[in-house]
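Let me begin by presenting the structure, written as structure tokens, before commenting on it.
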Amino acid sequence: MEEGIIMEQSTQEVVLTVSSSPHVRCNESIPKIMWTVVATLVPAAAFGVYYFGMNALLNVIVAIVSAVFFEWAWEKFMHKKITVNDGSAVITGLLLAMCCPPTLPWWMSIIGSFIAIVVCKQAMGGLGYNLFNPAHIGRAGLMVSWPVAMTTWTQVDGSVIDGVAGATPLNVLKQGGYDALLQLRFNDPMIMYQNMFLGFRNGSMGETSTVLLILGGLYLMYKGYVKWQATFAMIATVGILMWIFGGAVGAHAAGGLFTGDPIFHMMAGGLIIGAFFMSTDMVTAPITLKGQIIFAVGADVSPF
């Protein structure tokens, strides 16, 4: 009897379902990831609007609306599937506005969105085929075309140092040295660090609040959308290089090697938004962890 049962089981047909990849599925989707990234950017963008005023809000709205419109118009004209609901165009417009001065004329935001969506993204095949981050290319196009407008900053704190009104911390450092930088913040480095951490400084609309950008980035890490190793490598590389080579900036630094201020440089520019939200772009960043780390370090070393 046992032998008969074994024979019967061995003759049963095994049905295999053959399908194309992916074979491993989860609850994540492109729209869910994209809208999560949008949500993590909103607090820093909202702070920028609060700090810089209505022109910053206007640029955010114009950049997002024009980015969504250009994506819809291109896909409509090319008879492609309409994908504006996936949130990727919203991210592009929001990041573009956050990486530009709050005083930027609104029509430049439209041109920047056109470059980002049409030239960089859709002309290369759409989401997943673009070689570069669209928001980055949109900003680069504006910088090349209107460098004065892209480097003109709102005078928020009412300070004027060495004839520089409303300058960013990096501009003050470049023109007046570390002494002028401390003079702007009442000769107290801790007050300077505090203001830069919270966001009370001049700069691009969405790059000023270090703490809100970090909180948003940490949530992306928690969700598994961003690998902490690559982000940490990018931030640490800037800190180490500026500690070694960034010391000749005034009387408070004697000059020479290993006299720079790494904390200042890690918060002074657009490093935090770049490390958490630009270099980690799922389309344009390398696939492997080692590649992402090399990419992040190289992004710091190449302009240096």
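So the values come out like this:
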item	result
Candidate set: region 105-134, residues that are in a helix (DSSP H, G or I) and among the aromatic types (Phe, Trp, Tyr); chosen: the one surrounded by the most Cβ atoms within 10 Å (Cβ to Cβ)	114
When residues of region 188-214 are limited to those that are in contact with a Ser or Thr (Cβ under 8 Å, 6 or more places away or on another chain) and surrounded by fewer than 21 Cβ atoms within 10 Å (Cβ to Cβ), the one modelled with the lowest pLDDT	200
Inter-residue pairs, beta-carbon under 7 Å, first under 12 Å from residue 263 (Cβ atoms) and in region 177-201, second surrounded by fewer than 21 Cβ atoms within 10 Å (Cβ to Cβ) and at pLDDT below 85, 6+ apart	189/182; 192/182
Residues satisfying the stated conditions in region 269-300, i.e. of a type in the set (A, V, I, L, M), assigned to a helix (DSSP H, G or I) and over 15 Å from residue 237 (Cβ atoms)	273, 289
Residues of region 154-172 that turn out to be modelled with pLDDT under 75 and either of a type in the set (Gly, Ala, Ser) or in a loop (DSSP other than H, G, I, E, B) (or both), as a count	11
Any pair with Cβ under 7 angstrom, 6 or more apart, that starts in region 106-131 at a residue that is closer than 11 Å to residue 96 by Cα and free of Cβ contacts under 8 Å to residues at least 60 places away in the same chain and ends at one that is polar (S, T, N, Q) and open to solvent by 40 Å² or more (accessible area, probe 1.4 Å)	none
Output for region 260-297, where each listed residue is small (Gly, Ala, Ser) and open to solvent by 30 Å² or more (accessible area, probe 1.4 Å)	270
Within region 50-91, considering residues that are polar (S, T, N, Q) and part of a helix (DSSP H, G or I), the one farthest from residue 121 (Cα to Cα)	55
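The values are calculated or read from the model by the stated rules, or taken from the named source; none is laboratory data. In this text, all values refer to a predicted model and were calculated from it rather than measured experimentally. Here Cβ is always computed from backbone atoms with ideal geometry, including for glycine, and neighbour counts include all displayed protein chains. Accessible surface areas use protein heavy atoms only, side chains included; no ligands, DNA or RNA. Shrake-Rupley method; radii C 1.70, N 1.55, O 1.52, S 1.80 Å.
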